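The next block holds one structure in the form of structure tokens; read it before the comments.
What follows draws every value from the coordinates through simple rules; no lab data is involved. As the structure is a prediction and not an experimental result, all values here were calculated from the model. For neighbour counting, all protein chains shown are included, and Cβ atoms are generated from backbone atoms with ideal geometry for every residue, glycine included.
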Amino acid sequence: MTRNIFKGLGVALITPFTPEGDVDYQALKRLVEYQLENGADFLCILATTAEAPCLTQEEKDRITSMIKELVRGRIPILKYCGGNNTAAVIEEIKNTDWSGIDGILSICPYYNKPSQEGLYRHFKAISEASPLPIVLYNVPGRTGINMLSATTVRLANDCPNIVAIKEASGSLEQVDEIIKNKPAHFDVISGDDALTFSMVASGAAGVISVIGNALPKQFSRMIRLEFNGEYEPARKIHHKLTELYSLLFVDGNPAGVKALLNDMGFIENELRLPLVPSKIETKQKMADILKELSF
């Protein structure tokens, strides 16, 4: 059985853009270095938070190459590869150079709304084609379908290279069911910053985080404290961030965290259509909270 190496703070990296709308590779370099210096345990690249649907293949290839060069094996890299056409996902897996990448994040098929059996067969087919460990991604708010705990556990038992799930169903009951019934090699990873404290307390192995782009040191400290059984100081960090969690998503993701990173001087506050920047009042509220934060 392949064991999961994606534990602790995983950062769902954003893609910075210039005012002209090009990928800002210098800002991306600064951001990756900031993650490496401030407690990120792994990076999750080219997924939803990276605005991947709005990037060209050439941009994705250059971003991948740059991140691999900067990381140089110091922490694992999890790269997104998913879709709602099973054959196309398999084709992409077969035609991609996976050197320097440690795992594949693959989402539940969206829009088609497959049955639980359809979800099982989709991921089983992908696992058979994959040269790397796979982290499933369940996010019903985006896909329109919830992969039930029984299906997740079935995949974990039947596919040795499926090592974890990024769970963003919002249901702690579902998370608990997976953790209770999963095989030893398989982990649950939080896909929701606001639920990470509770999920790690229940036995999750970490998070793939949006807020980690801006506050990796603080968020990784919270997780490490929990891993050590120090729940009271971890809870204090969690409570300091609760208002920020909701503001980050009120105007959509990654608009919120890009506004935050802009206030911190990392990036321009630019997104690609159909996404637009956070409202001015949201941005101001987050800036005010950031000034008052002390850890």
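Just how large is the dipole of the stretch 151-248 about the Cα centre, in debye to the nearest 20, putting +1 at every Lys and Arg Cβ and -1 at every Asp and Glu Cβ? Walk me through the numbers before you get to the answer.
Numbers: 10 positive and 12 negative charges, 61 e Å.
Roughly 300 debye for the stretch 151-248.
So which GluC sites (Glu not before Pro) in the stretch 219-248 pass both tests, a DSSP loop state and at most 14 other Cβ atoms within 10 Å of the Cβ? Don't jump to the answer; show the numbers that get you there.
Details: sites: 226, 230, 243; in loops: 230.
Hits after loop and neighbour filter: 230.
Report the trypsin sites (Lys or Arg not before Pro) located in the stretch 249-292 that are in a DSSP loop and have at most 14 other Cβ atoms inside 10 Å of their Cβ, or state none.
In loop regions of the stretch 249-292 (DSSP not H, G, I, E or B), the sparsely surrounded trypsin sites (Lys or Arg not before Pro) are 272, 279.
Reported to two decimal places, what Rg/Rh ratio describes the chain when computed on Cα atoms with Rh from the Kirkwood expression?
On the Cα set of the chain, Rg over Rh gives 0.94.
Calculate log10 I(q)/I(0) of the stretch 59-157 for q = 0.15, 0.23 Å⁻¹, where I(q) comes from the Debye formula with a single equal point scatterer on each Cα and nothing for solvent.
-0.62, -1.20
Which loop trypsin sites (Lys or Arg not before Pro) in the stretch 43-115, with loop taken from DSSP, have no more than 14 other Cβ atoms within 10 angstrom of their Cβ?
Answer by residue number: 72, 74.
Going 7 Å from the Cα of residue 57 along its beta-carbon direction, which residues of the stretch 105-130 have the amide nitrogen within less than 14 Å of the resulting point?
From the stretch 105-130, the list is empty.
For the cross-link pairs 7/180; 79/113; 240/291; 29/60; 166/240; 236/283, which exceed 20 Å when the distance is taken from alpha carbon to alpha carbon?
Checking Cα-Cα distances, 79/113; 166/240; 236/283 exceed 20 Å.
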